[in-house]
Amino acid sequence: MSHLSTSSPETESFISQSNKTTVIPINDSNNSIIISDEKFERLLDRINNSNEITKSQIANPGALGLAGFALTTFILSVFNAGEYLINIKLEPVVLPVALFYGGLAQLLAGMWEFKLNNIFGATAFTSYGAFWMSFAGYVHIILPKLKHIANIKKATGLFLLAWFIFTLIMNIAASKISKFLFTLFTLFTILTITFLLLAIGNLSNSSLIINIGGWCGIITAFIAWYGCAAIVINSAFKKSLLPLGLYA
């Protein structure tokens, strides 16, 4: 008897077996290939092994995504933290970083996470990559056209409030992920607080609340940098030198 079992008429019409052989039809034609069960199973094993090798050749995109997020968040948060740290007129330095590192690099990391079937990582990196791109476009293209409108910061506050809601959703999901448990959950918790403070600060036109949000953003950046460093360093040394969480 064959080692390959069939459970439906559709399966039986595609692959038929007799006397320890497998018959495989070619393109729904009258032609077919007859091979032994042993060779057929070896063929299936090769296909499965090939898929596993292809998947294993994709490096962990998490380090790139966290690095792009951390660096861009750090630079912008320094400006949000207050003019006593840096001249606010230098803020355009954020634009190229937001477009290419925080934006494009994170977007690519998100695409690779899709390839690895990581729904959380794919959604997070792709979304925050799009956030940085859209934020750069908003600040340097849209915002200058709104300068003549009163309460212009309310538009920024609405933009940040929407991202607070999304980040809160991701934070809830992060609390249920075992790997990265401490690092990931802490990152999204502080990031959620950051978006909330920045949204409230802009909606209420409060520089103090925006400054506090800036400092929370700086903390968020360092947590993300730690996650990036842990992935890269642990991978380079082939052991866990920097723990990522309770179950990492």
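Derivation of every value follows stated rules applied to the coordinates shown; laboratory data play no part. Nothing here was measured: the structure is a model prediction, and the numbers come from that model. With ideal geometry, Cβ positions are generated from the backbone for all residues, glycine too; neighbour counts draw on all protein chains shown.
When Leu108, Leu158 are arranged by Cβ crowding within 10 Å, least crowded first, meaning fewest neighbours, the order is Leu158, Leu108.
Neighbouring Cβ atoms within 10 Å as the yardstick, rank Met111, Met170 fewest first. Don't skip to the answer; put the middle values down first.
Working: Met111 14, Met170 19.
Ascending number of Cβ neighbours within 10 Å: Met111, Met170.
Ranked from highest to lowest mean number of other Cβ atoms within 10 Å per residue, what is the order of the peptides 184-190, 160-166? If you can, show how the numbers build up before the last one.
Details: 184-190: 21.4, 160-166: 17.6.
Highest to lowest by the protection proxy: 184-190, 160-166.
Just want the ordering: Tyr84, Tyr138, Tyr226, Tyr128, from fewest to most Cβ atoms lying within 10 Å of their own Cβ. Don't skip to the answer; put the middle values down first.
Values: Tyr84 6, Tyr138 14, Tyr226 17, Tyr128 27.
By the 10 Å Cβ count, ascending: Tyr84, Tyr138, Tyr226, Tyr128.
Taking Cβ atoms as reference points and 12 Å as the exclusive limit, the residues near Leu146 contribute a net charge of +4, counting Lys and Arg as +1 and Asp and Glu as -1. Between Ile58 and Ser175, the modelled labels are 3.0 nm apart [label points 7 Å from Cα along Cα→Cβ]. Restricted to Cα atoms, the stretch 65-108 shows a radius of gyration and a Dmax of 10.8, 35 angstrom. Distance between the modelled labels on Leu208 and Ile165, one decimal in nanometres: 2.9 nm (7 Å Cα→Cβ projection). What is the distance in Å between the Cα centroid of the stretch 170-221 and that of the stretch 85-112? Using only Cα atoms to place each centre, the spacing works out to 18 Å.
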